[in-house]
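Here's the structure, in structure tokens; my notes come after.
Bear in mind that the values in this text are calculations on the coordinates, not laboratory data. The structure presented is a predicted model; accordingly, all values stated were derived computationally and were not measured. Backbone-built Cβ (ideal geometry, glycine too); neighbour counts: all protein chains shown.
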Amino acid sequence: MADSSKEISAEKVRSAQELTPGSDSDAPVVAVLQETPKRSWKSYIWDTFDKSPEERRFLFKLDAALMTLASLGYFIKYLDQVNINNAFVSGMKEDMNLFGNELNYMQTCWTVGYVIGEIPSNMLLTRIRPSIWIPACEVTWSVLTILLTKCTNATQLYVLRFFIGLAESTFYPGMQYIVGSWYRKDELAKRSCLFHAMGNVGSMVSGYLMAGSHNLDGVHGYHGWQWLFITNTVVSLPIAIAGFFFLPDLPEITRAWYFTPEDIALAKKRMELEGRAQRSPYTKAKFKKIFTSWHIYTLVLLYILFNNGNGGNSQPAFPLWLKSEGYSIRDVNLYPTIVEVISVITTLIYAWTSDSLFRGARWPAIVFSGLVKIIAYVGLTVWKVPTPFTWVCFMLCGFGGGISGLTFAWAHEICSDDNEERALVTGAMNQMAYVFQAWLPLIIWQQVEAPVYPRGYPTMVGMAVGLIGIAFTIRALHKRQIRGHRHALVGEA
């Protein structure tokens, strides 16, 4: 598959040379991008080392702005998403007289808001400036988070969690769409996975903040879990506001103050050579093309199986098991952060090996993570195993969360010739995954069944098997698509 992709890439470069206007302004850009130095060992560390000085300078600016905002934004998104789990096991349940399944309902309300907002938001991003829309939503969810401290009953929590989910729905699919609009194939997986890893960092920091906030219990009349929501907002707001000034929008509409006209021309030409289409109107024919293609159905199914197949990590299964074993509140919040560390490390390994060792292939890491999850969740399904093995199984759950960036990178590449399809498919991937999250946990992750979860862990095994199967299916269909494109290019020549 890598060889086929190279042939197409070379053909696109030759086509771009023929189609590029012969103006003086275009010539330097083409010259910079058509240098193809040998791939040295340094490129396996970071992909810019083998690029021209001009492209390196451009990518440094882009990484410093876009990737910093993407990473910090996803960090605060996850921080404000998972804090309810830490608060629930750290005194909120007892202080507000909540019962077990009310945590499920809080998560469901967040998920419903998240699902409603995703596809409309991603479609809006093809028409309005992301540098306005995304930061505005970040500010909104940051302010709503601090209002959680004023809740006195479960209904108020449900309402706020719904609107927090609605505001947060803009960020991940939207930022994946923006990242996919700037980076080339050899750069994309690392960037997608780097900022996705910040979600795990957000989960870790939420645990650390809860452990620290517990020491503030009673200060100024607030409980420790209320201090968690306050500190989350204090951390989140400055990052959200920075987006108004530094988010670069898309190459064809960017007005970023740190880019020169030459940088913008370079960005546009990079996407042209990559075959990444620019914006065009939504039409009936376009919608028909999108919904009669295999892209949207297989990629959405892939992400549903990934996103809903990490319950040992995304659900408070590990903390509730620790609590049932008699661990302190501090330990219940700190030990699960080990799983997040494992997720960060494996995410980076998946990204680097996909871009370098596997030469852009995304499926090997996806299949490997599925195999590890089968081992982990079979062990947790059996349940009555030695305690050290239960610890190992929970640690292995961390291997499953790192492939989100790879699935989106794969989607960007598969849908690269249609900007609107790319936006719609990536939005649908995230949206449909959370459609399942809106109801599935109520059935298989009922808190009254914690920590054994007799339906949860077996379902995770089945989803891991399905993940491996759909990954191989997409690989076969993508290879057929590449062959078809190559034959079409040869026929036109």
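With a cut-off of 11 Å between beta carbons, the residues surrounding Gly202 carry a summed charge of -1, where Lys and Arg count +1 and Asp and Glu -1.
In this structure, the pairs whose alpha-carbon distance is over 28 Å, taken from Lys51/Lys288; Lys268/Lys289; Lys77/Lys373; Lys77/Lys384; Lys51/Lys286, are Lys51/Lys288; Lys77/Lys384; Lys51/Lys286.
Not counting the cut sites, what is the longest span of the chain without GluC sites (Glu not before Pro) that DSSP labels loop and that have at most 15 other Cβ atoms within 10 Å? Write out the running numbers ahead of the final one.
Numbers: sites that count: Glu35, Glu252, Glu325.
Value returned for the longest uninterrupted segment is 36-251.
Extension gain, Val452 to Lys286: 0.36 nm times the residue separation minus the Cα-Cα distance gives 55.0 nm. Among the trypsin sites (Lys or Arg not before Pro) within the range 307-380, not one is in coil by DSSP while having at most 14 neighbouring Cβ atoms inside 10 Å.
If you take the charge dipole of the chain about its Cα centre, with +1 on Lys and Arg Cβ and -1 on Asp and Glu Cβ, which of Ala464, Ala267, Asn86 is farthest toward its positive end? Checking the options against the dipole of the chain, the answer is Ala464.
Report D for the chain in µm² per second (integer): Stokes-Einstein, Kirkwood Rh on Cα pairs, 20 °C, 1.002 mPa s. D, rounded to a whole number, is 92 µm²/s.
Put the Cα centre of the range 123-182 next to the Cα centre of the range 381-443 and the gap is 20 Å. Computed from phi, the 3J(HN,Hα) profile of the range 229-241 under the Karplus parametrisation 6.51, -1.76, 1.60 (θ = phi - 60°) reads 5, 5, 5, 4, 5, 4, 6, 6, 4, x, 5, 4, 5 Hz, with x in place of Gly and Pro. Amide H to amide H, with H built 1.01 Å from N, His223 comes under 5 Å of Gly218, counting only residues 5 or more places away or on other chains. Residues of the range 108-135 with backbone nitrogen within less than 17 Å of a virtual label 7 Å along the Cα-to-Cβ line of Thr155, please, listed as ranges. Backbone N within reach: 109. The string of couplings for the range 209-218 from the Karplus curve (6.51, -1.76, 1.60, θ = phi - 60°) is 5, 5, 4, x, 5, 4, 6, 8, 3, x Hz, one whole number per residue in order, with x for Gly and Pro. Couplings 3J(HN,Hα) for the range 390-406, derived from phi with the Karplus relation 6.51 cos²θ - 1.76 cosθ + 1.60 (θ = phi - 60°), are 4, 4, 4, 4, 5, 5, 5, 4, x, 6, x, x, x, 9, 4, x, 5 Hz, where x marks Gly and Pro.
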